[in-house]
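**Student:** Please find one structure pasted underneath; my questions will follow.
The values are calculated or read from the model by the stated rules, or taken from the named source; none is laboratory data. In this text, all values refer to a predicted model and were calculated from it rather than measured experimentally. Note: ideal-geometry Cβ built from the backbone for every residue, glycine included; neighbour counts use all protein chains shown. The accessibility values were calculated without ligands, DNA or RNA, using every heavy atom of the protein model including side chains. Shrake-Rupley method; radii C 1.70, N 1.55, O 1.52, S 1.80 Å.
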Amino acid sequence: MATANKNLSNYDKNTIPNAKDFRFGIVVSEWNDHITEGLYSGVIEALTDCGALHKNIIRWSVPGSFELIYGAKKMIETQKPDVVITIGCVIKGETMHFEFVCEGVTQGIKDLNVLSDVPTIFCLLTDNSEQQSIDRSGGIHGNKGTEAAIAAIKMAYLRQQANLGFHQSEKLLSANQLQIEGLPLKIEE
């Protein structure tokens, strides 16, 4: 198991950008809320530890994990966050429902990352048992929410730096040129 020898809550604060200027969206599934609330606590604790301001954190709740996709999409469109964290928990049962939900949410979050300029962080526990979820939401393996928060800060920073880099290089070129991978290209009209 991937987390057997790793505590999900460990991070080196010295390697994390300060989060005070970033706006965070968090979409939390109400299904398995005894797990998702633990994940949410891990997210909030790590974000604020790294400088995020409570006024820059927006939380929305959705009924289940499948609805995380729509919630994240609408948050991106209406709240203008720098990054969105989706929090959910799907525990394997006796039917194929588990596989359908897990794959659908995975693909949906992937699609948001491809189609949107705002990174969407995948914090969906997909465990075989409730105990495995408990162990990863503040239990013996730490908190996957903490890990998601650190990923969110790093991705918000990456987005900021990429956008700054684009705008800075854009100013150095004349109006009819583009720059790709550091090389100016002239557009023929």
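**Student:** Examine the range 82-97 for a residue that is modelled with pLDDT under 95 and assigned to a helix (DSSP H, G or I), and state whether such a residue exists.
**Tutor:** yes
**Student:** Going through the range 68-111 one residue at a time, which ones are charged (D, E, K, R), over 17 Å from ARG136 (Cβ atoms) and in contact with a helix residue (DSSP H, G or I) (Cβ under 9 Å, 6 or more places away or on another chain)?
**Tutor:** Within the range 68-111, LYS73, ASP82, ASP111 qualify.
**Student:** Which of the residues that make up the range 32-43 are open to solvent by 30 Å² or more (accessible area, probe 1.4 Å) and assigned to a helix (DSSP H, G or I)?
**Tutor:** ASP33, HIS34, GLU37, TYR40, SER41
**Student:** May I ask you to list pairs of residues, at least six apart or on different chains, whose Cβ atoms are under 6 Å apart, with the first in the range 46-60 being farther than 23 Å from ASP12 by Cα and open to solvent by 30 Å² or more (accessible area, probe 1.4 Å) and the second being in a strand (DSSP E or B) and modelled with pLDDT of 95 or more?
**Tutor:** These pairs meet every condition: ARG59/ILE26; TRP60/VAL27.
**Student:** Do we find that ARG59 is more than 24 Å from GLN131 (Cα to Cα), charged (D, E, K, R) and touching an Asp or Glu at 6+ places or on another chain (Cβ under 6 Å) in this structure?
**Tutor:** no
Quick grid of which residues meet (1) assigned to a helix (DSSP H, G or I); (2) within 18 Å of the chain's Cα centre (by Cα); (3) modelled with pLDDT of 90 or more:
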{"residue": "CYS123", "(1), (2), (3)": "no, yes, yes"}
{"residue": "SER133", "(1), (2), (3)": "yes, no, yes"}
{"residue": "THR146", "(1), (2), (3)": "yes, yes, yes"}
{"residue": "ALA149", "(1), (2), (3)": "yes, yes, yes"}
{"residue": "ASN163", "(1), (2), (3)": "yes, no, no"}
{"residue": "GLU170", "(1), (2), (3)": "yes, no, no"}
{"residue": "GLU188", "(1), (2), (3)": "no, no, no"}
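**Student:** All but one of (1) open to solvent by 20 Å² or more (accessible area, probe 1.4 Å); (2) under 27 Å from GLN131 (Cβ atoms) hold for CYS89, so report the exception by its number.
**Tutor:** Exception for CYS89: condition (1).
**Student:** Can you name the number of the only condition in (1) at pLDDT 95 or above; (2) open to solvent by 30 Å² or more (accessible area, probe 1.4 Å); (3) within 23 Å of LEU158 (Cβ to Cβ) that PRO63 fails?
**Tutor:** (3)
**Student:** Could you check how many residues of the range 102-132 are farther than 14 Å from TYR70 by Cα and of a type in the set (D, E, K, R)?
**Tutor:** Counting residues in the range 102-132 that are farther than 14 Å from TYR70 by Cα and of a type in the set (D, E, K, R) gives 4.
**Student:** For the condition open to solvent by less than 20 Å² (accessible area, probe 1.4 Å), of a type outside the set (Gly, Ala, Ser) and modelled with pLDDT under 95, what is the one hit in LEU8, LEU68?
**Tutor:** Values: LEU68 fails: modelled with pLDDT under 95.
After ruling out the rest, the residue left standing is LEU8.
**Student:** Identify, please: which residue in the range 107-121 is open to solvent by 60 Å² or more (accessible area, probe 1.4 Å) and in a helix (DSSP H, G or I) and is, among those, nearest to ALA52 (Cα to Cα)?
**Tutor:** ASN113
Here's the yes/no breakdown for (1) outside any helix (DSSP H, G or I); (2) β-branched (Val, Ile, Thr):
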site: SER9; (1), (2): yes, no
site: ALA19; (1), (2): yes, no
site: GLY25; (1), (2): yes, no
site: PHE66; (1), (2): yes, no
site: LYS74; (1), (2): no, no
site: THR78; (1), (2): no, yes
site: GLY104; (1), (2): no, no
